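Worksheet: the structure to be examined is printed underneath.
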Amino acid sequence: MAGLSMAESGGGRDLPSKLTWQVFICCIIAASGGLMFGYDIGISGGVTSMDDFLEKFFPAVYLKKHEAREDNYCKYDNQFLQLFTSSLYLAAIVSSFIASFFCKKFGRKPTIQAASIFFLAGAVLNAVSVKLGMLIAGRICLGVGVGFGNQAVPLFISEIAPAKYRGGLNICFQFLITIGILIANLINYATSKVHPYGWRISLGCAAVPAIILAIGSLVIVETPASLLERGKNEEALRVLRKIRGVDNVDKEYAEILNAIELAKQVKHPFRNLMSRSNRPQLICGTVLQFFQQFTGINVVMFYAPVLFQTMGYGSDGSLLSAVVTDLVNAVSTLVAVFLVDIIGRRVLLIEACLQMLVAQSIMGRILAVHLKSANIMPKASAKLVVILVCVFVSGFAWSWGPLGWLIPSEIFPLETRSAGFFFAVSMNMFCTFLVAQAFLTMLCHMRSGIFFFFAAWIVVMGIFAIFFLPETKGIPIDEMNERVWKKHWFWKRYHKDSYINKRSQEIQDKSEEESLE
């Protein structure tokens, strides 16, 4: 199939390839799994600020919200309300473990299809809910869909994309997450005026991205690595030629096949993942996901309407402010799409830490001075906070947001790739659950100090990116060990012992063979 008139080289060792329409379309369809995830992130915060929804499922919160003397920071503090948001992520943790095995045994494509089915079921359950239990059950189904989708989609894109364009194509997943968030808040803004069932429309519309993914997944191809992993060698070679747009794919095919042979020697990938030589990838992959959530981004994404209402905006104003924030989020993610394969991963991460640190610190200071327990924040200060939120979100959107998913998807060797990415996804879902479940309570007790809490973590993650995170730009994923980890000033020590042990074992085996002869 014709390429997109881009360079022939796929990056690293001159593996011949083009960025074909087949790869581009497959990556966009797969990345629409991000649309599902993003829609859910955006929809939950807006729905939980709607009076009709609160009155039906959380009457205690509804009363607190409309109590004139209620503490500004504590009006939404309710564990069941937080459980509505966070239950999805508990389900995602469990389902991503199942999805890691499903992904390996049946392939990336069926895992993506399963994600769309679970998400569709969750959307329907939420839309027709009449009791809290039914509502939570729908959220759990959505969580299973998120777990399957987040496990399979980044792996799918990393395995199918040429190394030279892997970063930009993988960030399409994050870009569509931001589009999903934006669409969700636009829908919330519209349905907040539809009484008394506007919240049902908001939750039910989650079925749309699920249907898009379900239909689109019928036309995507399976990745060559997954096909070889399951013994479908001829089909893998045919697909590789199709997605690369060239006939000469022997070198890349041989590299993938060699990685498969090595992977087959590993009978227990989860146990092997804990070995010393795999520790650098495991640490970096999981720590990045931890840091992604402890930037404080979900304070904004989940609860932006709630946060803006706390500052004195009305329901319409808070939702509109959230829409502005989401628009900045989506546009800024495009910066990463175009720059990540040019200037690299680390530069974006380090710059964003400085940007987010300044924004968080100033926001915390403004709230500490101007927002007390029972007053309305001055309009000028509230508008400045919205601007600072946009500055913070833009930094996150071109760095820790997309790269938190990209880097873990490209650093693990094939034999531990599904297992390793499971740990990364699980860490993300667990930390998202913690933040979602605890934020409103933290806001009540820590008040403006919550921004300084997250600012402190930004300092830590900046130090980590500077000293411990290697650059992976343009390196084929099956060459990461040799060209990244074994050359890094700190992580190379984890490979020295494994090399010595391997050589010792080879010498021992050779001696045994000679003695038998």
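The values are calculated or read from the model by the stated rules, or taken from the named source; none is laboratory data. Remember, it's a predicted structure, so these values are computed and weren't measured experimentally. Please note: Cβ atoms are built from the backbone with ideal geometry, for glycine as well, and neighbour counts cover all protein chains shown. What goes into the accessible areas is simple: the full protein's heavy atoms, side chains included, and nothing from ligands, DNA or RNA. Shrake-Rupley method; radii C 1.70, N 1.55, O 1.52, S 1.80 Å.
Yes/no matrix, rows are residues, columns are (1) at pLDDT 90 or above; (2) within 18 Å of Arg276 (Cβ to Cβ); (3) not polar (S, T, N, Q):
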site	(1), (2), (3)
Ala419	no, yes, yes
Phe453	yes, no, yes
Ile463	yes, no, yes
Thr472	yes, no, no
Glu479	no, no, yes
Lys487	yes, yes, yes
Arg503	no, yes, yes
Ser511	no, no, no
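Assess whether Met480 counts as being assigned to a helix (DSSP H, G or I), more than 27 Å from Leu354 (Cβ to Cβ) and aliphatic (A, V, I, L, M).
yes
Got a sec? Which helices (runs of 4 or more DSSP H) wholly within segment 120-211 have at least 2 residues that are among the β-branched types (Val, Ile, Thr) and closer than 21 Å to Ile28 by Cβ?
132-160, 166-191
If I filter segment 230-251 for residues that are open to solvent by less than 40 Å² (accessible area, probe 1.4 Å), in a helix (DSSP H, G or I) and of a type in the set (S, T, N, Q), do I get at least one hit?
no
Matching residues to (1) open to solvent by 20 Å² or more (accessible area, probe 1.4 Å); (2) within 15 Å of the chain's Cα centre (by Cα); (3) of a type outside the set (A, V, I, L, M, F, W, C); (4) more than 30 Å from Ile342 (Cβ to Cβ):
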| position | (1), (2), (3), (4) |
| --- | --- |
| Cys103 | no, no, no, yes |
| Phe106 | yes, no, no, yes |
| Ala127 | yes, no, no, yes |
| Cys141 | yes, no, no, yes |
| Val146 | no, yes, no, yes |
| Ile160 | no, no, no, no |
| Lys164 | yes, no, yes, no |
| Ile183 | yes, no, no, no |
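When segment 460-477 is examined, which residues are found to be touching a residue at least 40 places away in the same chain (Cβ under 8 Å), over 21 Å from the mean Cα position of the chain (by Cα) and assigned to a helix (DSSP H, G or I)?
Residue satisfying the conditions is Ile466 alone.
Could you please give the count of residues in segment 359-407 that are under 30 Å from Lys473 (Cβ atoms) and without any contact (Cβ under 8 Å) to a residue 24 or more places away in the chain?
0
Among the residues of segment 1-26, how many are buried (at least 24 other Cβ atoms within 10 Å of the Cβ) and modelled with pLDDT of 75 or more?
3
Of (1) surrounded by 18 or more Cβ atoms within 10 Å (Cβ to Cβ); (2) modelled with pLDDT under 95, Thr441 satisfies all except one. Which?
(1)
Quick one: which of Ala121, Ala152, Ala91 is touching a Cys at 6+ places or on another chain (Cβ under 9 Å), open to solvent by 10 Å² or more (accessible area, probe 1.4 Å) and either within 18 Å of Ser418 (Cβ to Cβ) or modelled with pLDDT of 95 or more (or both)?
One residue alone meets the criteria, Ala121.
Restricting to segment 361-417, name every residue that is of a type in the set (S, T, N, Q), over 19 Å from Phe291 (Cβ atoms) and open to solvent by 10 Å² or more (accessible area, probe 1.4 Å).
Ser373, Asn375, Ser381
Would you confirm whether any residue within segment 210-230 is charged (D, E, K, R) and touching a Phe, Trp or Tyr at 6+ places or on another chain (Cβ under 9 Å)?
yes
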